[in-house]
Amino acid sequence: MQQNSEYEFTFYDREIDSEIVFRRVTLEKDLDRLHQWHHQPHVIPFWNQNFSETAYKDHLKKLLADQHQSLYIGYLNNVPMSYWEAYWAKDDLIANYYDAEKEDQGIHLLFGPEEYLGKGLALPLLRAMIAFQFKHKKTEKVVAEPDVRNKKMIHIFEKCGFEPEKEIELPDKRGLLMFCHRVTFNTVNNCS
């Protein structure tokens, strides 16, 4: 297992025989990478953040300063390949759409490099991040609101233990509000 003090969480997934790690995003290390990833054809329709580099830098600075969320780069076997936004639901726009508990967390994600798509990696990576979020002992629920058009990702969320609640009209998309309860996650993913 790789030891690196900048990693926030390390998870070995037996299903794919791979190490998954997450580290916090920094402007210096990740601006170019994230700017490039947000310009990928598979990312643009669901994120709509294909801004100029200057505009993206300003956007990323704002995200990094936002205390209700933490941004991560996900690594698979030492290769950076995914981006994650973990947030406190009660302090987020999503709290306008359901009765958010104080310790509820939410998640957004994307795979940057196209070569990681269609390889069966979304579920193991999502499982690792949700396990990371549930390390916070008081969190009993993680929420997601994938774009209703993103049927593949909705299916992955369901396989990870998320259950659909309702469709919601967000400022930038029509989303499917989904909840993953700790007990369901542990049962579905054989955690104890």
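A few notes on this one:
- Residue match in segment 88-95 (condition: in a helix (DSSP H, G or I), over 12 Å from the mean Cα position of the chain (by Cα) and of a type in the set (D, E, K, R)): yes
Yes/no matrix, rows are residues, columns are (1) at pLDDT 95 or above; (2) part of a loop (DSSP other than H, G, I, E, B):
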| residue | (1), (2) |
| --- | --- |
| SER5 | no, yes |
| ARG33 | yes, no |
| PHE46 | no, no |
| ASP58 | yes, no |
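- Residue, nearest to PHE46 (Cα to Cα), within segment 103-120, restricted to residues that are in contact (Cβ under 8 Å) with a residue 24 or more places away in the chain and outside any strand (DSSP E or B): GLY112
- Given (1) closer than 13 Å to LEU76 by Cβ; (2) out of contact with any helix residue (DSSP H, G or I) (no Cβ under 8 Å at 6 or more places or on another chain); (3) open to solvent by less than 70 Å² (accessible area, probe 1.4 Å), index of the condition PRO45 fails: (1)
- Residues in segment 128-142 that are open to solvent by 30 Å² or more (accessible area, probe 1.4 Å) and part of a helix (DSSP H, G or I): PHE132 only.
- No other residue among LEU71, LEU76, LEU64 is more than 14 Å from the chain's Cα centre (by Cα) and buried (at least 18 other Cβ atoms within 10 Å of the Cβ) apart from LEU76.
- Sole residue being in contact with a Lys or Arg (Cβ under 7 Å, 6 or more places away or on another chain) and more than 21 Å from LEU123 (Cβ to Cβ), chosen from LEU34, LEU60, LEU27: LEU27
The values are calculated or read from the model by the stated rules, or taken from the named source; none is laboratory data. Since this is a predicted model, take the numbers as computed values, not measurements. Quick reminder, even Gly has a Cβ in these numbers, built from the backbone with ideal geometry, and neighbours come from all protein chains shown. The area values use the complete protein model at the heavy-atom level, side chains included, leaving out ligands, DNA and RNA. Shrake-Rupley method; radii C 1.70, N 1.55, O 1.52, S 1.80 Å.
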